[in-house]
Amino acid sequence: MPRTCSFLYTLSLTLLSLILLSGTGLSLEFKPYGRGDFDQIAQLQENRPRIIHYWSVICPACIAELGQWTKFINEHRDIDIIFINTDDDEDRERAAARLEKNGLSRATHYGFSDSFVEKLYYEVDKSWRGELPFTVLISTNGPRVNVTGALDDPHFVAWLNQLNGVKK
Amino acid sequence: MTYWRLFLFTLLATISIARAQEAAQPSVNGGESLNKPAMAKHAPPACSDPKPDCAMTIYPAFDKKGLLWVAYSVGKTLYVASSQDQAKTFSAPTTIITLSDGIIDAHGDARPKIIPLNDNSLLVSYTTRPDKMMIGTIFTAKSSDNGKKFSTPQPMLTSGGQRFDSYVVTPKGRIFAGWLDKTHAAQAKAEGKEFAGSGVAFAWSDDGGMTFKGKNILMDHACECCRMSAALGRDDLPVFAWRHIFEGEIRDHYAAKLSANSVKLIGGRVSNDDWAINSCPHQGPALAVDTKGAWHIAWFTKGKNRQGLFYAFSRDEGKTFSTPEKIGDDAHAPAFATLLATKKGLYRAWKEFDGAQTVIPIQQSNDGGKSWSAPEILASTTEASDHPILVASRGDVFLSWGTHKEGYRLIPLRLAKK
């Protein structure tokens, strides 16, 4: 086998391997989320509306709507959306698998890295005890809205309608 | 030439697949933070030694000789240890199992348990969640040599999915087990039907937990995210309390006792909070039955009719409940109540957090829950902590509480004067 052919053969096999590996999903990174982080994450970028969504693998309601979040992101590219997984490290792999399965690998993800969860909840909402899904809705059009419940929760829908109404 | 063709084909395929994947993914809205360095300094992870101080959850129980037993997990290993001096020192832990697949369900409302039995044997329970599934399997193991060795853990059931088990033992030694069971939910899913929540299931054991009989789902549609609580009725039948999913996704509470023939649960709705929500509160109720047979329940809600932590009692076995009474200071998010009934009185404790410090207030009632002493702060911490649990031994009452900073503590309650 000539050297050039050998090189191209090896390169091809490498690329084919990469294709096969990429079929298992893109790598997913969870940024650490601890005390004091919420205020920074809640900062709007260029006044774009922002949604911060807290979820867990032991929350069936959260899992059930991950697919709807994929659709929501595609339909609302004008909104910055941040996902925060509230599980322990030992559940993080299955959290990643759930996100990848629902096509959310490339969204922005944080994971709880601080076991003082009362403090993490308190920094977001003084009355939050950890119920999920929990979503924070921020825009320049009105006060921040905290929603316990799924994407179809009336408070979420109302915030979105207000956002759309102002833009129209 | 063949190799050039193979190379070009592979290169094009790689580019096409990469583009297809990009198109299939939602846009990276808010992705600016991906490139930021890790932000604030976080608390160090819990220690990894096999001792109660390093556990996220700890379950305490006294045996009839007054020895304290605790069940807890660190990582993927489940341990049991005992203390003769009220948790000042512990025996070398006994390892029950180290999981090779999945994790031990030991977080928040879910935790391994230890049940000292009348014949001085011990029963341990824990739930595993396999790596690729969200549903759990409940296992039990037994020790007849004072906790030195435990039998090979046996599953309560091998299919369907179970979580949030609880146990009560009658004076004659019958063990009642209750748990939340996803079997009916799985069947409905397989048939393409909608199904809300889990079933409320139970079984009993007359051989000290070696085998459980009569495994059955007695009611459907319990909220699958919250613990179920159990207490023994005055007639030696188990009473269960759980968050139920009523029509319209209303997640209020239900309490019921097993019928004498073990075929149904008889009780009623604790209160009409009207919390219509498609979510996981991750906070189940507390339950106690006092010496007169009255049921006492504490729970958390964010319903239309009331929000916060509440308490009520029933003196007619769940037919009616007293008007819900608010517990704690709403400004400090009271949560995770624990109830205990002894011959000396009734006790309730819970968690409050003011933004910097978590405290455990406790109250005592000497009139069956009609009135309560002023809240007294029994313990505090400024770091992460487990849920509080009230536990009794020979008439003495203790707060069992694991905190990251102080470690595991068993704090005796000085009985309040009314």
Give the residues of the range B:372-402 that are of a type in the set (Val, Ile, Thr) and free of Cβ contacts under 8 Å to residues at least 40 places away in the same chain, sorted by residue number. B:377, B:381, B:382
Contact list please: Cβ distance under 7 Å, first residue in the range B:246-264 and of a type in the set (Gly, Ala, Ser), second residue assigned to a loop (DSSP other than H, G, I, E, B), pairs at least six apart or on different chains. B:255/B:270; B:255/B:318; B:256/B:318; B:260/B:237
Flag for residue B:178 being part of a loop (DSSP other than H, G, I, E, B), among the small types (Gly, Ala, Ser) and out of contact with any Cys (no Cβ under 9 Å at 6 or more places or on another chain): no
When you scan the range B:187-196, how many residues do you find that are touching a residue at least 40 places away in the same chain (Cβ under 8 Å) and either surrounded by 20 or more Cβ atoms within 10 Å (Cβ to Cβ) or in a helix (DSSP H, G or I) (or both)? 0
Specify which of the listed residues (A:140, A:108, A:86, A:135) is facing another protein chain (nearest Cβ under 9 Å) and either on the phi < 0 side of the Ramachandran plot or open to solvent by 50 Å² or more (accessible area, probe 1.4 Å) (or both). A:108
Going through the range A:143-156 one residue at a time, which ones are more than 8 Å from every other protein chain (Cβ to nearest Cβ) and open to solvent by 60 Å² or more (accessible area, probe 1.4 Å)? A:143, A:144, A:154, A:155
For residue A:120, only one of the following conditions fails: (1) facing another protein chain (nearest Cβ under 9 Å); (2) open to solvent by less than 10 Å² (accessible area, probe 1.4 Å). What is its number? (1)
For the range A:55-70, how many residues meet the condition of being open to solvent by less than 30 Å² (accessible area, probe 1.4 Å) and of a type in the set (Gly, Ala, Ser)? 2
Kindly establish whether residue A:30 is closer than 23 Å to residue A:161 by Cα, aromatic (Phe, Trp, Tyr) and more than 8 Å from chain B (Cβ to nearest Cβ). no
The number of residues in the range B:321-349 that are open to solvent by 40 Å² or more (accessible area, probe 1.4 Å), at pLDDT 95 or above and touching a Leu at 6+ places or on another chain (Cβ under 8 Å) is 1
Can you tell me which residue among B:287, B:309 is touching a helix residue (DSSP H, G or I) at 6+ places or on another chain (Cβ under 9 Å) and of a type in the set (A, V, I, L, M)? B:309
Taking the range B:88-130 and keeping residues of a type in the set (D, E, K, R) and open to solvent by less than 30 Å² (accessible area, probe 1.4 Å) leaves B:105, B:109, B:111, B:113, B:129
Looking at the range B:307-331, I want the residues that are over 19 Å from residue B:284 (Cβ atoms) and touching a residue at least 60 places away in the same chain (Cβ under 8 Å) and have a partner that is open to solvent by 10 Å² or more (accessible area, probe 1.4 Å) and assigned to a loop (DSSP other than H, G, I, E, B) with Cβ atoms under 8 Å, at least 6 apart or on another chain. Which pairs are those? B:317/B:293
When residue B:318 is evaluated against the numbered criteria (1) assigned to a loop (DSSP other than H, G, I, E, B); (2) open to solvent by less than 10 Å² (accessible area, probe 1.4 Å); (3) at positive phi; (4) within 12 Å of chain A (Cβ to nearest Cβ), which criterion, by number, is the only one it fails? (4)
Give the range A:96-114 a look and list any residue that's more than 13 Å from residue A:63 (Cα to Cα) and either β-branched (Val, Ile, Thr) or free of Cβ contacts under 8 Å to residues at least 12 places away in the same chain (or both), or say none. A:108
Any residue that is closer than 26 Å to residue B:397 by Cβ and part of a strand (DSSP E or B) - is there at least one of those in the range B:82-98? yes
Considering each of A:81, A:73, A:52 in turn, give the residue that is more than 7 Å from every other protein chain (Cβ to nearest Cβ), over 23 Å from residue B:103 (Cα atoms) and crowded, with 20+ Cβ neighbours inside 10 Å. A:52
Filter the range B:197-236 for residues that are in a loop (DSSP other than H, G, I, E, B) and buried (at least 19 other Cβ atoms within 10 Å of the Cβ) and give the result. B:197, B:208, B:209, B:212, B:223, B:224, B:225, B:226, B:227, B:228
Screening B:40, B:46, B:81, B:61 for residues that are surrounded by fewer than 22 Cβ atoms within 10 Å (Cβ to Cβ), at negative phi and at pLDDT 95 or above leaves only B:61
Conditions (1) at pLDDT below 95; (2) under 30 Å from residue B:411 (Cα atoms); number of the one not met by residue B:277: (2)
Give the range B:161-173 a look and list any residue that's buried (at least 18 other Cβ atoms within 10 Å of the Cβ) and part of a loop (DSSP other than H, G, I, E, B), or say none. B:161
Test set (1) in contact with a Leu (Cβ under 9 Å, 6 or more places away or on another chain); (2) assigned to a strand (DSSP E or B) - residue B:147 fails condition number: (2)
Checking residue B:273 against (1) in contact with a strand residue (DSSP E or B) (Cβ under 9 Å, 6 or more places away or on another chain); (2) open to solvent by 10 Å² or more (accessible area, probe 1.4 Å), the condition it does not meet: (2)
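The values are calculated or read from the model by the stated rules, or taken from the named source; none is laboratory data. Keep in mind the model is a prediction, meaning the values are calculated, not measured. Virtual Cβ from ideal backbone geometry, glycine too; neighbours counted across all protein chains shown. Just the protein is used for accessible areas: all its heavy atoms, side chains included, with ligands, DNA and RNA removed. Shrake-Rupley method; radii C 1.70, N 1.55, O 1.52, S 1.80 Å.
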